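Trainee: One structure, pasted below without further comment.
The values are calculated or read from the model by the stated rules, or taken from the named source; none is laboratory data. Predicted model only: the values in this text are computed from it and were never measured. Note: ideal-geometry Cβ built from the backbone for every residue, glycine included; neighbour counts use all protein chains shown. Surface accessibility is based on the protein's heavy atoms, side chains included, excluding ligands, DNA and RNA. Shrake-Rupley method; radii C 1.70, N 1.55, O 1.52, S 1.80 Å.
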Amino acid sequence: VQKVQPLRHNLYGVRYSAGKVKLSVVGMYSTGTMLALQLSITNHSSLSFTVGKLRLRLVTTHTPKRSPVQEVEVFPLLVEPTQLKVNYKQAALFTVLVPVSDMNARQDLHITLHEQDGDRHLRVSIASRFLFTAPLIP
């Protein structure tokens, strides 16, 4: 995580906003066995946003018409910092380490961020083509 934090952002346009709070994936790096994701939260609402729960799911994309969509929950190995509160007109950056062993080429990664004791939640989807082309950490 300490090697990933000073690196330059290499992913643009993967973002979602709701309730004047924006979640964006700004960097994605690979170690061969793990995937390091840099997530940025920007708060433009008058209420502070405290991160409560982080869910990562692998969702099968290319399915025939009447077959069920399979979702596999992935548990992050490390989230740094563990407690995160974003106040009014502030931005915060945090890093998530995810194991690569469960991923295959037909699955997208869905990241859902829930507010602690709140109703706001943010969801970002990363296509599988980005997951398998992540640069190695130097």
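Trainee: Defining a contact as two alpha carbons under 8 Å apart and six or more residues distant in sequence, what relative contact order in percent does segment 1-111 show?
Mentor: Relative contact order of segment 1-111: 29 percent.
Trainee: Continuing with this model, one more query. Which whole-number value in Å² is the accessible area per residue of the chain, probe 1.4 Å?
Mentor: 60 Å²
Trainee: So, one more: Taking a 1.4 Å probe, which of Asp117, Asp108 shows the most accessible area, and what order do the others take after it?
Mentor: Greatest to least solvent exposure: Asp117, Asp108.
Trainee: Starting from the Cα of Thr61, step 7 Å along the direction of its Cβ; do the same at Ser48; then give the gap between the two resulting points in nm.
Mentor: 3.8 nm
Trainee: Now for a separate question. Students often check this: by mean Cβ neighbours within 10 Å, which of 125-134, 27-36 ranks highest, and how do the rest follow?
Mentor: 27-36, 125-134
Trainee: Give the carbon-plus-sulfur fraction of the accessible surface of the chain in %, rounded to a whole number; probe 1.4 Å, heavy atoms of protein chains only.
Mentor: Reported share for carbon and sulfur atoms: 51 percent.
Trainee: May I ask for the distance between the Cα centers of segment 78-138 and segment 1-47, given as a whole number of Å?
Mentor: With segment 78-138 and segment 1-47 each reduced to a Cα centre, they are spaced 7 Å.
Trainee: For the chain, please report how many Lys pairs fall under 28 Å Cα to Cα, leaving out neighbours fewer than 8 apart on the same chain.
Mentor: 12
Trainee: As a test question: what accessible area, to the nearest 10 Å², does Arg106 have when a 1.4 Å probe is rolled over all protein chains in place?
Mentor: Approximately 130 Å² for this residue.
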